[in-house]
Amino acid sequence: MISQEKIYTWEQALEWRNSLKTANKKVVFTNGCFDILHAGHVAYLEEASKLGDALIVALNSDESVRALEKSPARPLQSEYGRSRVMAALGFVSAVIIFSEPTPKEIIEYLTPDVLVKGADYSIENIVGADWVLSHGGKVKTIEFLPGFSTSSIEKKILAEHGLDRH
């Protein structure tokens, strides 16, 4: 499949999700900015994909990345660029963009079988966990690959160019 064909609207994602449910396939959901795709992201997403038959990744829109105030420079890549890179990963089945402050609405819209976040979250603090659990799903956390983060990569680049803001 061409990677661009794996980028869905909310309506397309729901139709796809329902077809998988009918086929008794388990859908795994995770979300994030994924601004600079690095080895930590790849390891995390690969592990998430092993928890079911299909992995959907919800990406924060450019607007919602800016609202998170991770850095004045973020997002470093546009939502289009980030979604194309994410969709190119073989273990990612679908990509969807959301603009809301949290993924709560898209989680409730799709009701995945498994909701996944990084181990820096406790299940009680994962947005949408209560919804997924109340609909018979599971919530899992995955350990991060040590030494990788978009923020640390950004800081390193800025420091190497004498632009460190700290």
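Listing for the model above:
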read-out	value
Extreme residue, farthest from the chain's Cα centre (by Cα), among residues of the stretch 19-57 that are of a type outside the set (A, V, I, L, M) and closer than 15 Å to G137 by Cα	N24
Members of the stretch 80-111 found to be assigned to a loop (DSSP other than H, G, I, E, B) and of a type outside the set (D, E), listed by number	A88, L89, G90, F91, V92, S93, S99, P101, T102, P103, T111
Pairs, first free of Cβ contacts under 8 Å to residues at least 60 places away in the same chain in the stretch 10-27, second not small (G, A, S), C-beta under 7 Å, six or more apart	L20/V27; L20/D53; K25/D53
Enumeration of residues in the stretch 70-89 that are at pLDDT 85 or above, open to solvent by less than 50 Å² (accessible area, probe 1.4 Å) and of a type outside the set (A, V, I, L, M, F, W, C)	G81, R82, S83
Members of the stretch 55-69 found to be open to solvent by less than 40 Å² (accessible area, probe 1.4 Å) and over 21 Å from G128 (Cα atoms), listed by number	D62
Pick from the stretch 98-109, criterion open to solvent by 10 Å² or more (accessible area, probe 1.4 Å) and touching a residue at least 60 places away in the same chain (Cβ under 8 Å), ranking: nearest to W10 (Cα to Cα)	Y109
Some residue of the stretch 116-127 being surrounded by 14 or more Cβ atoms within 10 Å (Cβ to Cβ), farther than 17 Å from H41 by Cβ and at pLDDT 95 or above	yes
Selection count, the stretch 112-134, where residues are out of contact with any Gly (no Cβ under 7 Å at 6 or more places or on another chain) and either touching a residue at least 12 places away in the same chain (Cβ under 8 Å) or in a loop (DSSP other than H, G, I, E, B) (or both)	14
Among the residues listed as G32, G52, G40, the single one being open to solvent by 10 Å² or more (accessible area, probe 1.4 Å), at pLDDT below 95 and not hydroxyl-bearing (S, T, Y)	G32
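The values are calculated or read from the model by the stated rules, or taken from the named source; none is laboratory data. Computed from a prediction, not measured in an experiment: that's the story for all the values here. Heads up, the Cβs are rebuilt from the backbone with ideal geometry, glycines too, and the neighbour counts pull from every protein chain shown. The protein model used for the area step is the full one, side chains on, heavy atoms only, and it has no ligands, DNA or RNA in it. Shrake-Rupley method; radii C 1.70, N 1.55, O 1.52, S 1.80 Å.
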